[in-house]
1. Mind checking which of B:Ala172, B:Ala127, B:Ala117 has the largest fluctuation in a GNM of chain B, springs on alpha carbons under 10 Å?
2. Percent of Cα-Cα pairs per 20 Å bin, from 0 to the last occupied bin, for the protein assembly as shown, please list those.
3. Between the range A:207-264 and the range B:265-327, how far is it from one alpha carbon centroid to the other, in angstrom?
4. Return the aspartates and glutamates within reach of B:Lys223: Cα separation strictly under 13 angstrom, same-chain partners fewer than 8 residues apart disregarded; answer none if there are no such residues.
5. How many nanometers, to one decimal and shortest first, lie between the label point of B:Gln138 and those of its other copies, if labels sit 7 Å from Cα toward Cβ?
6. For chain B, modelled as a GNM with alpha-carbon contacts under 10 angstrom, which of B:Lys91, B:Lys302, B:Lys131 fluctuates the most?
7. Which pairs in the list B:Lys131/B:Lys323; B:Lys91/B:Lys322; A:Lys44/B:Lys134; B:Lys197/B:Lys230 are over 27 Å apart, alpha-carbon to alpha-carbon?
8. Report the residue, chosen from A:Asn143, A:Asn132, A:Asn94, that carries the largest GNM mean-square fluctuation when chain A is represented by alpha-carbon nodes joined by springs under 10 Å.
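Laboratory data are not the source of any read-out in this text; all were calculated from the coordinates shown. As the structure is a prediction and not an experimental result, all values here were calculated from the model. Here the Cβ positions follow ideal geometry from the backbone for every residue, glycine too, while neighbour counts run over all protein chains shown.
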There are 2 protein chains.
Amino acid sequence: MKGKPTIYDIAKKLNITAATVSRALNNNPRISQATKELVLKTAKDMNYEPNKLALALKKGKSNNIGVVVPYINRNFFSSVIRGIEEELFPKGYNVIISQTHESAEREVDIINNLLNAQVEGIIISLAKFTKNTKHFEQVLKKNIPLIFFDRYQEMGGVSSVTIDDYQGSYDATIHLIEQGCDRIAHLTVDPTLSIYKHRLEGYQQALIDHSIPFREELVVKLKSDMEEGKRVAENLMALENPPNAIFSTSDYGALGAIKWLQTNGYKVPEDVCVVGFSNEPFTQFLDLSMSSVDQVPLEMGKMAAQVFLEQVNDGNNVKIEKKVVLSPSLIIRQSSTKK
Amino acid sequence: MKGKPTIYDIAKKLNITAATVSRALNNNPRISQATKELVLKTAKDMNYEPNKLALALKKGKSNNIGVVVPYINRNFFSSVIRGIEEELFPKGYNVIISQTHESAEREVDIINNLLNAQVEGIIISLAKFTKNTKHFEQVLKKNIPLIFFDRYQEMGGVSSVTIDDYQGSYDATIHLIEQGCDRIAHLTVDPTLSIYKHRLEGYQQALIDHSIPFREELVVKLKSDMEEGKRVAENLMALENPPNAIFSTSDYGALGAIKWLQTNGYKVPEDVCVVGFSNEPFTQFLDLSMSSVDQVPLEMGKMAAQVFLEQVNDGNNVKIEKKVVLSPSLIIRQSSTKK
């Protein structure tokens, strides 16, 4: 046998599958106690990765990874979770999910209760109102891998997986300019949050690159729902020089805008092109399908899980801080395609 | 002081709020250790409910309740979870969610891993392919409250919260008959599952009650997605005596049917009325809003949480089996309203 022994070497020696060895080492409840003990003993005899073995031998291993999101019922978050599960389930991990409903106070409770549940890692997208990272210090102190995705704050020793919001917004705005639009409104949710700040910057840069003057009155803040989109569209179209395109950082806002335009004598996309952000599933069910920026959530979830696995495999003595930035993907549909 | 002491009596004695007493007794991490000890000591001195006190004193109390669903990204399930959280969060409980993706094998793993995480209760809607309840025996053995919702199997000592699927289906069919429809197709997902069986029976009874002959060719099985709905609509409209109404137990199936009808020269609702089931959010976003049976998920979640709390409060010595059946609510929109 050359090099370090692997689970395949253990499997061969015991005449069982590598998957069974892996599960036994991960303390998977589907493996009998007798098999677990045999695998652990053999692994020890063969000097198989002592660090990992120590982990598996440790009492109280839960197999659970905590995933924390603002809401489970947003397509973006549920798809990220699917990606995480697709990576971690085959490795014997179970994913347990909690939602903060955007409450910082609830987020603190959740982190504490996940530690009570002895999770082996936490993958989290921060609540909108989370202003500090104090509640994560205990996680790091316990050497539990912590990974931020999408919404994050800078924190030493913590990895993150995000998308390039600037790029997504830049691409959408360029697409609208190429459709002949030169008065493009930008609907934002909260420009103090970094993701929305970057989207505003991408929009502005696209205008600059095509010598289109920036008009402050065309940047409007809204809550992410359909009624707000209607209200905002009405105000925008009442301007002296109304927009001929609306780029909304919220799909629900974009939907409301389309509904208002259509019921008030405007044609979409002929009079006003509309592009949303997030690629919610309903965007393709509409009679007039809606263009949107896809945030590659499945890929993001898989990447977050891979970063977690790297940290686990590197053991407790190494501090890793990895920043992964994925490229979003503009999906062009009827709402912004002039014939 | 008359009668048994309450948390208000403890709060008064210590000059703190009742909420703080409740949190301290529930081992909430937001309460300092010093306060917890003071509250526990005072409660003991006052002879406050010894059973509950014993629970709070017990080591390893996690505050976590496990909720298990097939998919988190179905509106029905995410709304049930919201209902559960609304009841349990104020009581100091944290909800951790897992999804089975309809796999019975994964469901077994999840239950074992939730036990690893020392959850204090499990509220679950069974995976489609779960055929036995063996994996729940360990839960009952540990005296952990177990509650089924929506999809369940009969099991001694286990409570359940469901909706009256028969009634929901009966009401939808009667509504279609009242719109003048006499050739009503019924799209079902899996008539071997009890919820779909009951829906088929409700449909059949409504026909009987209005002397409309049952035609087997009008009952069609489909997977719950849009493409299947299109395929099924095409087949149905090719019948010698095609339907003038489609009642689908899947909103996605109903959506596909509407899309196919509209692109093939049929008017909805004039030529064919359509009603779905589940009241998915997209049903109201469509240009032609879709009628659907609402499964009152928020109410179902709250009820499941209340049943859990009753079991916790009654302590370990009482076995409770409570069956709650809620009434669904038919939401009538454009797709089945003839002018």
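1. Its mean-square fluctuation being the largest, the pick is B:Ala117.
2. Taking every Cα pair in the protein assembly as shown, the percentages come to 16, 43, 34, 7, 0.
3. The distance from the Cα centre of the range A:207-264 to that of the range B:265-327 comes to 35 Å.
4. Here the aspartates and glutamates satisfying the reach criterion relative to B:Lys223 are B:Asp190, B:Asp251.
5. Reported distances to equivalent positions: 2.7 nm.
6. Top of the fluctuation ranking is B:Lys131.
7. On the way: B:Lys131/B:Lys323 20 Å; B:Lys91/B:Lys322 21 Å; A:Lys44/B:Lys134 34 Å; B:Lys197/B:Lys230 23 Å.
Pairs exceeding 27 Å: A:Lys44/B:Lys134.
8. Highest fluctuation among the options: A:Asn132.
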